[in-house]
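Student: Let me begin by handing over the structure; questions about it come next.
Laboratory data are not the source of any read-out in this text; all were calculated from the coordinates shown. As the structure is a computational prediction, the values presented were derived from the model and not from experiment. A quick note on method: Cβ atoms are made from the backbone with ideal geometry, for glycine too, and the neighbour counts reach across all protein chains shown.
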Amino acid sequence: MAAAEVLLRLSGVRQSYAGRCVVDVPELQLHQGEFLAILGPSGAGKTTLLRLLNLLEAPHEGALFLSGDRLPGRPLIEHRRRVTTVFQRPKLLSRSVEQNVALGLEMRGISDPARVAMLLDRVGLKDLAKVSALQLSGGEQQRVALARALAIQPEILLLDEATANLDPLNTSIIENLLREEHATQKTTIIFVTHNQFQARRLAESCLLMLEGKVVARSAADHFFSPAADLQVRSFLAGELVIPSASS
């Protein structure tokens, strides 16, 4: 089987805020159709890495490549439209649920009520289509945000703790939808999570970040096995882990 295309590549990327380096990635490749979990403790640089990958933030040092093309400091709109992100606390407009889901399509000059209705059905919100999105519960708003992201059929879907603080039902709905999207559309899905059990359930591969560095990456079955890297095993056991000098 041919190797999957390298879709996103970071080369020599460093990102600093107030003189503190929060991401230091000499080389990272993300492949077409990958279903990757990014794990690590708070402050490890996971969210900053995701901001770089969603093309809304340019690296202070190094370069980001999309399908082999080096991106300028301000990626063109056609680059940005290949990537979409669902955040832990999504920003919804004071419009109806269906209008929020249709927003990305409208911005592309597309009217597709059937697709919007289909997605609302998939996330279990078809009966709330006309309700103001701001009247929904947190879990329901998260489902609206995911439906809005999927409406535009992104090539790359990024999620930043998208199910954190949600109840098991809402978490299950979102996880099932992600599995279906990956299986049917071959969407590249990269998600940040503190929840190692969620990573076990969803991811095909996993990446561990510590102090801004990628210290381990492997297939999920190896990542969660006794044969995993010592730092991975220490992290999963809840022990304090510090990157080795070579990381």
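Student: Measuring from a point 7 Å past the Cα of ASP229 along Cα-to-C-beta, which residues in region 179-209 have an amide N at less than 12 Å?
Tutor: Residues 206-209 qualify, since their backbone N sits under 12 Å from the label point.
Student: Which entry is the computed Cα extents along the principal axes in Å for this structure: (i) 52, 41, 36; (ii) 56, 45, 39; (iii) 50, 38, 37?
Tutor: This structure yields the entry labelled (ii).
Student: Could you calculate the contour length gain from SER16 to ARG80, that is, 0.36 nm times the residue separation minus the distance between their Cα atoms, to one decimal place in nm?
Tutor: 20.8 nm
Student: Going by Cα centres, region 103-142 and region 1-79 are how many Å apart?
Tutor: Region 103-142 and region 1-79 have Cα centres separated by 30 Å.
Student: Using Cα atoms only, what is the angle between the long axis of helix 97-107 and the major principal axis of the chain, expressed in degrees (0 to 90) to the nearest 10?
Tutor: 70
Student: Mind checking the angle between helix 113-122 and the chain's longest principal axis? C-alpha axes, 0 to 90 degrees, to the nearest 10.
Tutor: Helix 113-122 and the main axis of the chain meet at about 60 degrees.
Student: Over the Cα atoms, compute the radius of gyration (one decimal) and Dmax (the largest Cα-Cα distance, rounded to a whole number) for region 1-46, in Å.
Tutor: Expressed in Å, the Cα Rg and Dmax of region 1-46 come to 13.3, 46.
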